[in-house]
Amino acid sequence: MRYYIYLFRHGQTYYNKNKRFTGWKDSKLTFRGIRDAKIIAKKLKNKKIDVAYQTRLSRSRDTLKEVLKYHSECRKIINDDRMIERKYGNLQGKYHSTIIERYGKKQFDIWHRSYNAHPPKGESIKMVEDRVRKFIKDLLKKIKKEKINVAISTHGNSMRPFRKYFEKLNNKQMMKLENPYDDYFVYSVKG
């Protein structure tokens, strides 16, 4: 038997639209973000979802809410912040342009897209990957034990380690990933 993981990023938020570091700030979905969530929902309409995962942030919850409108069979929604967005620390809420102006493009790129470097009081992607890997390990056990298909409403930077793991990417490939707002990835798990 095969079981499936349906992985998707939340729809566009106001911080995404305005090029601000979001991190753990709770930025709401834009009108486009709601439309993105509805597109994912329609694409997943005919899939079976037994259990769904979200983070505490409204963008994750609101995207999942749209998806689950088609899934009365989903028997449980689980909050798990091991897959929450990367914490940007002192950069959270700041505009990208302000950070570039203050610290330069090179430093911006290091904080924004480096695997090991972290912004002041924030997390590196490696730190995010460590917690996402623990989540994946527990998730795979649960899928095999309970024989379930799952939907995961996650975030751009926490989605990278998921894709690295399931698509067998290296760090460089993972860091180049751009995760769409209006599509999903599917991974099969042998039961």
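When the residues of region 69-102 are filtered to those that are over 13 Å from SER153 (Cβ atoms) and within 16 Å of the chain's Cα centre (by Cα), the one that is surrounded by the fewest Cβ atoms within 10 Å (Cβ to Cβ) is ARG82. Let me spell it out: the conditions are (1) touching a residue at least 12 places away in the same chain (Cβ under 8 Å); (2) surrounded by fewer than 20 Cβ atoms within 10 Å (Cβ to Cβ), and LYS137 meets all of them except one. Which number is the exception? The number of the failed condition is (1). Note on region 1-83: enclosed helices (runs of 4 or more DSSP H) holding 1 or more residues that are small (Gly, Ala, Ser) are 31-43, 58-68. For ASN18, are the conditions met, namely being among the polar types (S, T, N, Q) and over 18 Å from MET159 (Cβ atoms)? So ASN18 fits the description; yes.
Confirm whether LYS43 is in contact (Cβ under 8 Å) with a residue 60 or more places away in the chain, in contact with an Asp or Glu (Cβ under 8 Å, 6 or more places away or on another chain) and over 21 Å from ASP182 (Cα atoms). No.
Considering region 67-99, the residues that are without any contact (Cβ under 8 Å) to a residue 60 or more places away in the chain and either among the small types (Gly, Ala, Ser) or touching a Gly at 6+ places or on another chain (Cβ under 8 Å) (or both) include one that is farthest from ASN149 (Cα to Cα), namely ASN90.
Rundown of residues vs (1) at pLDDT 95 or above; (2) among the β-branched types (Val, Ile, Thr); (3) surrounded by 18 or more Cβ atoms within 10 Å (Cβ to Cβ), yes/no style:
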position	(1), (2), (3)
GLU129	yes, no, yes
ILE148	yes, yes, yes
ASN157	yes, no, yes
LYS168	yes, no, no
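The values are calculated or read from the model by the stated rules, or taken from the named source; none is laboratory data. No experiment lies behind these values; they were computed from the predicted model shown. A quick note on method: Cβ atoms are made from the backbone with ideal geometry, for glycine too, and the neighbour counts reach across all protein chains shown.
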